[in-house]
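J.: Below is a structure I'd like to ask you about.
The values are calculated or read from the model by the stated rules, or taken from the named source; none is laboratory data. It should be emphasised that the depicted structure is a prediction, and the values quoted were computed from it without experimental measurement. Note that each Cβ is placed from the backbone with ideal geometry, even for glycine, and that neighbours are counted across all protein chains shown. Surface areas here come from the heavy atoms of the whole protein model, side chains and all, with no ligands, DNA or RNA. Shrake-Rupley method; radii C 1.70, N 1.55, O 1.52, S 1.80 Å.
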Amino acid sequence: MTSAGALPVLELTGIDKSFSGNQVLRDVQLRLYPGEIHSLMGQNGAGKSTLIKVLTGVLESNGGQMVMQGQSIRPDSPLAAQKLGISTVYQEVNLCPNLSVAENVFAGRYPRCGMSQGYRIDWAAVHRRARELLARIGLDIDVTQLLSSYPVAVQQLVAIARALGVESKVLILDEPTSSLDEDEVQKLFAVLRRLRGEGLAILFVSHFLNQVYAISDRITVLRNGSWVGEWMASALEPQALISAMLGREFAAQAARSAQQREGVEDAVVLLDAQGLGQAGRLQPVDLRVHAGEVLGLAGLLGAGRTELARLLFGLDTADRGKLQIDGQTVQFSNPADAVQHGIALCPEERKTDGIVAELSVRENIALALQARLGLRKFLSLAEQTTLAEHFVKTLGIKTASIETPIGLLSGGNQQKAVIARWLATDPRLLILDEPTRGIDVAAKQEIMEEILRLARGGMAVLFISSEMSEVVRVSDRIAVLRDRSKAGELPGGSTEDEVYEMIAAGHA
Ligand SMILES: Nc1ncnc2c1ncn2[C@@H]1O[C@H](COP(=O)(O)OP(=O)(O)OP(=O)(O)O)[C@@H](O)[C@H]1O
Ligand SMILES: [Mg+2]
């Protein structure tokens, strides 16, 4: 499908970008060809989002050229870029949850009625056109409803529909699939392939290697702000790709033999949920978590994993069944109750539930521990510093300093800091909801190793991930959810197919 010999529709050369003296892009190049899907790869903090922001006019580069269809361009705003035919879905989706779906699709560029009607917004047209645009990506929802009434996955698709709303030659997607399930990813890919067929040049960023290989014609790799190379995807083995990203040979680690850790069955029952549920959200679920075990929670998006996590953390209140911690029945009416019992939840949505963008990396990491200590004791600056430095080191958080506002870190590094925050509370049970979303392959490995190390020290982990390969690799036991109820349990060492079989069994 690639257009050998074709000229790039957009070519960037010699791009430099610094933030107050810190150079994050150095002589970077990128060529986007019509009718091609091009993946931009690199570790967290490599400069992918920054390059995208330069090319879409969000940031001004400190040097370099951009040529589009033979013309030198210099978009100074996303709107200017859009007018040139460059449409973008940014990593952090900036939609308005309290506006309707249709308003989000058209915000700032509503179809208007003619002169005689005084340029009023033509709502019937807005709704019809929004429906048409969403239909283009296979989404059939009520466009008059608030965006916030839909799951993140749907919101993400709306963001893509919004980007597609203009006549574009180049479509840029910065980690569009991180909150989509397998089905939705396939839907999105079908749309991308159709757009490629229409001659669009598509730039795609994802940390999921299988997705990158499924969709890409061409791959560019950045490392530490520098250009490493450009390859046809078919000519670059995954091992070679990872080595290019890391700048060193990558030895594929042997599968984590979680199931080889012994004695988990005899371990103390830390948490025991019996018929725990909530009307309309989760059917009664039985679940036991032992000290020192990693319990995987598998299921498709919408299976009820997040709902269960929220009940266990007191974010929602169960209206049936009972919950015991250390054999004592407890009732959580808010997260503070759960935290007092040593439970921590690292939430799924980094931006809304996670980071406080204006606060420093240090303050963000110290936040949950300080909340747990309450008014009894205030963490001194020195204590906070030690804590933050420890986690910056163990999780490899890429930041200029622990005093940097966390909002300035790359997406994946913000995610690592949120994990650090909850690890810092030294929980007895850590609930991780999609912890490695947006985290690069090497960092994923580091984080999982840190989590397994803590589990060996006695901490229990409830691990939720859409990446089935990750769930089966790290879990001592897997509880499978389907349609908001528990389908069953599988022992550690089960295969991905066995989990999928259990999920599918209910639909047979
Ligand atoms: N506004 C800013 N001010 C200062 N530094 C910044 C700013 N934006 C980004 N950076 C820094 O630039 C570097 C590159 O960040 P960028 O967001 O481009 O990485 P990325 O490759 O997209 O990573 P990820 O995979 O985690 O999303 C990071 O070290 C980040 O901290
Ligand atoms: Mg990024």
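J.: Quick one: pull the percent of accessible area on the range 272-340 belonging to carbon and sulfur, 1.4 Å probe, ligands and nucleic acids left out.
T.: Answer for the range 272-340: carbon and sulfur cover 43 percent of the accessible area.
J.: Tell me which residues come under 5 Å, amide H to amide H, from GLY229 once H is placed; ignore anything under 5 positions away on its chain.
T.: The list, which skips near neighbours in sequence, is VAL221.
J.: Whole-Hz Karplus ³J(HN,Hα) for the range 321-334, in order, using 6.51 cos²θ - 1.76 cosθ + 1.60 and θ = phi - 60°, x for Gly and Pro?
T.: So the J values, rounded to whole Hz, are x, 9, 10, 10, 10, 6, x, 9, 6, 10, 9, 9, 9, 7.
J.: Taking all protein chains in place and a 1.4 Å probe, what share, in percent, of the accessible surface of the range 349-426 do carbon and sulfur account for?
T.: In the range 349-426, the share of accessible area belonging to carbon and sulfur is 60 percent.
J.: Counting other C-beta atoms within 10 Å, and keeping those with at most 13, which DSSP coil trypsin sites (Lys or Arg not before Pro) do you find in the range 319-388?
T.: Here the sparse-neighbourhood loop sites are LYS377.
J.: Could I ask something else about it? Please compute the Kirkwood hydrodynamic radius over the chain, one decimal place, Å, based on all pairs of different Cα atoms.
T.: The Cα-based Kirkwood calculation yields 24.3 Å.
J.: Oh, and also: Enter the accessible area per residue of the chain (Å², integer; probe 1.4 Å; all protein chains in place).
T.: 43 Å²
J.: For the range 165-196, which GluC sites (Glu not before Pro) are in a loop by DSSP, counting at most 13 other Cβ atoms within 10 Å?
T.: Here the sparse-neighbourhood loop sites are GLU167.
J.: Can you give me the relative contact order of the range 404-508 as a percent, contacts being Cα pairs under 8 Å and 6 or more apart?
T.: That works out to 19 percent.
J.: Right, here's the next one. Counting each DSSP H run of 4 or more residues in the chain as -39500 (n - 2.57), what helix-only mean residue ellipticity at 222 nm follows after dividing by all residues, to the nearest 500 deg cm²/dmol?
T.: Helices in the chain give a 222 nm mean residue ellipticity of -9500 deg cm²/dmol.
J.: Which order do the peptides 484-495, 327-338, 468-479, 33-44 come out in when sorted by mean C-beta neighbours inside 10 angstrom, highest first?
T.: 33-44, 468-479, 484-495, 327-338
J.: Now for a different question. What is the extension gain from ARG456 to SER469, computed as 0.36 nm multiplied by their sequence separation minus the C-alpha to C-alpha distance, in nm to one decimal?
T.: 2.6 nm
J.: Peptides 48-54, 8-14: what's the order by average Cβ count within 10 Å, highest mean first?
T.: 48-54, 8-14
J.: Please give me, ordered by residue number, the chymotrypsin sites (Phe, Trp or Tyr not before Pro) of the range 376-452 that lie in loop per DSSP and have at most 16 other Cβ atoms within 10 Å.
T.: Loop-located and lightly packed - PHE378.
J.: Taking a probe of 1.4 angstrom, what is the accessible area of TYR90 in Å², to the nearest 10?
T.: 60 Å²
J.: Relative contact order, percent, of the range 303-375 when contacts are C-alpha pairs under 8 Å separated by at least 6 residues?
T.: For the range 303-375, the relative contact order is 24 percent.
J.: Another one. Want the number for GLN23 to GLN65: 0.36 nm per residue separation, take away the alpha-carbon distance, what's left?
T.: 13.4 nm
J.: Ratio of alpha-carbon Rg to the 2.2 N^0.38 Å globular estimate for the range 349-426, to two decimals, please.
T.: This ratio for the range 349-426 stands at 0.99.
J.: Can you work out the Karplus-derived ³J(HN,Hα) for every residue in the range 27-34? Use 6.51 cos²θ - 1.76 cosθ + 1.60 with θ = phi - 60°, whole Hz, and x for glycine or proline.
T.: Each residue's phi maps through the Karplus curve to give 6, 8, 10, 7, 10, 10, 9, x Hz.
J.: To the nearest 20 debye, what charge dipole does the chain have about its Cα centre, counting +1 at the Cβ of each Lys and Arg and -1 at the Cβ of each Asp and Glu?
T.: With Lys and Arg at +1 and Asp and Glu at -1, about 1180 debye.
J.: Ranked from highest to lowest mean number of other Cβ atoms within 10 Å per residue, what is the order of the peptides 64-74, 397-407?
T.: Most protected by this proxy first, the peptides run 397-407, 64-74.
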